[in-house]
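Working notes, beginning with the structure itself.
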Amino acid sequence: MKGTQHFSRMSYNVRRGLREIVAPDHRVSKDEWALVLAEFGSSCAYCYAVASAENRGIVPDHLVAVTDFGELVPGNIVPACQTCNDSRGNKPWRAFLSTRFPVEATVRIRRIEQYIAVHNYSPRTLESSLTGEELSQYNALVAEWEGFLAKARELQSKVANRRSLAANNLFKPKLLGDSA
Ligand SMILES: [Zn+2]
């Protein structure tokens, strides 16, 4: 249906935006990043390549995304080359490894899981990141957005129905004329 794609993009962007407002905003220190890099031998945790002009260097990649309350801390960031970082996008890291490197995925997943375990990292939740008041304000915003979307969909189908009715009415006389 016309506009449907637009709705899902709009919905994704608003939800992501709301999440980012309340997501933790931590910065990893230079020392912590150096430690993480050393743990992975200064190479990409996904493809094992070191920084090069071709892969445009190594950057910290969140295992659990910021929008899922993943923090920029050792245990949740891994070194990733820009190429892997780009091709992973929003995919969960295990799924990304399994599709991108089907043969090596098991070993690479295990290495990252060990790294997470060493740092004893578990992502926070919405509930543990916000006060009760902030949480209800956040939930109210999400509900308001859901309501907005429902009304927009209502209008969309109303307009679509009227237009298809109008199109049918135009079509019928022409059909009769053709058969006469
Ligand atoms: Zn890589």
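The values are calculated or read from the model by the stated rules, or taken from the named source; none is laboratory data. Predicted model, so just to flag it, every value in this text is computed and none were measured. Neighbour counts are summed over all protein chains in view; Cβ atoms, including those assigned to glycine, are modelled from backbone coordinates with ideal geometry.
Inspection of region 13-35 finds no residue satisfying the criterion of being in contact with a helix residue (DSSP H, G or I) (Cβ under 7 Å, 6 or more places away or on another chain), within 16 Å of the ligand (Cβ to nearest atom) and more than 30 Å from Glu154 (Cβ to Cβ).
Given the options Ala140, Ala150, Ala105, name the one that is out of contact with any Pro (no Cβ under 6 Å at 6 or more places or on another chain), more than 25 Å from His62 (Cα to Cα), of a type in the set (A, V, I, L, M, F, W, C) and modelled with pLDDT of 95 or more.
Ala140
Each row is one residue, and each column tells you yes or no for (1) within 16 Å of Tyr115 (Cβ to Cβ); (2) of a type in the set (D, E, K, R); (3) without any contact (Cβ under 8 Å) to a residue 12 or more places away in the chain.
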site	(1), (2), (3)
Arg9	no, yes, yes
Glu54	no, yes, no
Val64	yes, no, no
Lys91	no, yes, yes
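Checking Val73, Val103, Val64 one by one, the residue that is more than 15 Å from the ligand (Cβ to nearest atom), surrounded by 16 or more Cβ atoms within 10 Å (Cβ to Cβ), of a type in the set (A, V, I, L, M, F, W, C) and over 18 Å from the mean Cα position of the chain (by Cα) is Val73 and no other.
When Asn90 is tested against the conditions (1) surrounded by fewer than 17 Cβ atoms within 10 Å (Cβ to Cβ); (2) within 13 Å of the ligand (Cβ to nearest atom); (3) closer than 19 Å to Arg16 by Cα, the lone failure is (2). Total residues in region 1-44 satisfying the condition of being among the hydrophobic types (A, V, I, L, M, F, W, C), exposed (fewer than 14 other Cβ atoms within 10 Å of the Cβ), in a loop (DSSP other than H, G, I, E, B) and modelled with pLDDT of 90 or more: the figure is 0. Yes or no: Val64 among the aliphatic types (A, V, I, L, M), outside the structural domain of Ser129 (by TED's automatic domain parsing), within 30 Å of Asn13 (Cβ to Cβ) and touching a Pro at 6+ places or on another chain (Cβ under 7 Å)? Answer is yes for this residue.
Given the residues Leu170, Leu155, which is the only one that is outside the structural domain of Cys44 (by TED's automatic domain parsing) and at pLDDT below 90? When all the criteria are applied, what remains is Leu170.
Every test in (1) within 16 Å of the ligand (Cβ to nearest atom); (2) under 27 Å from Arg15 (Cβ atoms); (3) not charged (D, E, K, R) is passed by Ser43 save one, and that test is (2).
Checked against (1) closer than 26 Å to Val14 by Cα; (2) touching a residue at least 12 places away in the same chain (Cβ under 8 Å); (3) among the β-branched types (Val, Ile, Thr), Val118 meets all criteria but (1).
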